[in-house]
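The values are calculated or read from the model by the stated rules, or taken from the named source; none is laboratory data. Note that the structure is a prediction, hence the values are computed from the model and not measured. Glycine gets a Cβ as well: all are built from the backbone with ideal geometry, and neighbour counts include every protein chain shown.
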Amino acid sequence: MKLLIFVAAVFALLWLLKRSLGGRAAPPSSRSAKPDAAAEPKQIIACAQCGMHLPRDEALPGRGGVFCGDAHRAAYEKAHPE
């Protein structure tokens, strides 16, 4: 009889645990279908030195193209003097 009560208690505990964790799921979002300005895609460009892709607003302009950092801009301009 003790075993039956113990098994029933374990099942009840597991059921309560599952029910409490299942209720924590995020509710579906009720946002409007119109995307906001932050969700607009950014233009991606490649560094002229290494080819790494990065957003246009993070790229550094230089002689011969745009670059991912100062070191690559300096290396490119040193290798391609005009």
*Scope the stretch 63-72; condition under 20 Å from Gln43 (Cα atoms) and not in a loop (DSSP other than H, G, I, E, B); matching residues*: Gly65, Val66, Phe67
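Report yes if Ser29 is loosely packed, with under 11 Cβ neighbours inside 10 Å, of a type in the set (Ser, Thr, Tyr) and either modelled with pLDDT of 95 or more or not in a helix (DSSP H, G or I) (or both), otherwise no.
yes
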_Matching option when the condition is surrounded by 13 or more Cβ atoms within 10 Å (Cβ to Cβ) and modelled with pLDDT under 95, among Gly64, Gly23_ = Gly64
